[in-house]
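Just below is one structure, and these are the notes that go with it.
The values are calculated or read from the model by the stated rules, or taken from the named source; none is laboratory data. Since the model is a prediction, treat every value here as computed from it, not as a measurement. Note that we place each Cβ from the backbone using ideal geometry, even for glycine, and neighbour counts take in every protein chain shown. Accessible surface areas use protein heavy atoms only, side chains included; no ligands, DNA or RNA. Shrake-Rupley method; radii C 1.70, N 1.55, O 1.52, S 1.80 Å.
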Amino acid sequence: MSQCPCGSEKEYEACCQPLIKGEAEAKTAEALMRSRYTAYSLAEIEYIGATIDPERNEDFDEKSARDWAENSQWHGLEVVSTRKGGEDDETGQVEFIASYTQSNARTKHHELAEFRKIDGKWFFVDGEAVAPKPVKRDTPKVGRNDPCPCGSGKKYKKCCA
């Protein structure tokens, strides 16, 4: 037995494997999202295609998805937040960060994913990249010609800059 790649800290056989193998259905949008991450990490691309909203499935490029999955080293999944997507909901959102390495570059894919339930079964609808939050300064910006904040009496450009 091995730990599930989705980060749930459960064994794979008791977590995502039954969903990927078609032995069970995801009960929540988050469970579907976690199983899709696991499917990518194991290159189970048929499952990825089968869990896309039927109205959006024609946009799925199986070859590109397989290439991405097989040529990436998957490092982990962080679920940032969920909105709705419970067993009694019809729609849901899951914000997540998937870490992977491809072509020697470590990357974090940050996405807000939309899900909907059709006839009691959860499907992935669409995802939108989440932009990084802008950096906010705690102190005013020091200009080149301003006095150095270290207190030396010199201009910032001649001291600590």
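Sort out which residues of the range 112-161 are among the hydrophobic types (A, V, I, L, M, F, W, C), under 30 Å from TYR40 (Cβ atoms) and without any contact (Cβ under 8 Å) to a residue 12 or more places away in the chain, and write them in order of number.
Residues of the range 112-161 that are among the hydrophobic types (A, V, I, L, M, F, W, C), as a first pass: 112-113, 115, 118, 122-125, 129-131, 135, 142, 148, 150, 159-161.
Still in the list and also under 30 Å from TYR40 (Cβ atoms): 112-113, 115, 118, 122-125, 129-131.
Matches in the range 112-161: ALA131 only.
Annotation: of all residues in the range 74-83 being within 10 Å of the chain's Cα centre (by Cα) and loosely packed, with under 14 Cβ neighbours inside 10 Å, the one that is farthest from THR38 (Cα to Cα) is VAL80. Contact map, the range 13-30: residues that are at positive phi paired with residues that are open to solvent by 50 Å² or more (accessible area, probe 1.4 Å) and at pLDDT 95 or above, Cβ distance under 9 Å, separation 6+ or inter-chain. Pairs shown: GLY22/ALA50.
Just one residue in the set GLY92, GLY86 is closer than 20 Å to LYS27 by Cβ, in contact with a Ser or Thr (Cβ under 7 Å, 6 or more places away or on another chain), assigned to a strand (DSSP E or B) and open to solvent by less than 70 Å² (accessible area, probe 1.4 Å); that residue is GLY92. What do you reckon, is GLU70 open to solvent by 30 Å² or more (accessible area, probe 1.4 Å), under 24 Å from GLN3 (Cα atoms) and of a type in the set (Asp, Glu)? Yes; evaluated as a whole, the condition is true for this residue. Scanning the range 130-156 for residues that are open to solvent by less than 80 Å² (accessible area, probe 1.4 Å) and outside any loop (DSSP other than H, G, I, E, B) yields a single hit, TYR156.
So, THR28, is that one under 28 Å from ALA131 (Cβ atoms), open to solvent by 30 Å² or more (accessible area, probe 1.4 Å) and within 17 Å of the chain's Cα centre (by Cα) or not? Yes: the conditions hold for THR28. Determine, yes or no, whether SER2 is modelled with pLDDT under 95 and of a type outside the set (A, V, I, L, M, F, W, C). Here the answer is yes, as SER2 does meet what is asked. Scanning the range 31-66 for residues that are in contact with a strand residue (DSSP E or B) (Cβ under 6 Å, 6 or more places away or on another chain), of a type in the set (A, V, I, L, M) and outside any helix (DSSP H, G or I) gives a single hit, ILE52. Could you tell me whether ASP53 is at pLDDT 95 or above, acidic (Asp, Glu), over 30 Å from ALA105 (Cα atoms) and surrounded by 13 or more Cβ atoms within 10 Å (Cβ to Cβ)? Considered against the rule, which asks whether it is at pLDDT 95 or above, acidic (Asp, Glu), over 30 Å from ALA105 (Cα atoms) and surrounded by 13 or more Cβ atoms within 10 Å (Cβ to Cβ), ASP53 comes out as yes.
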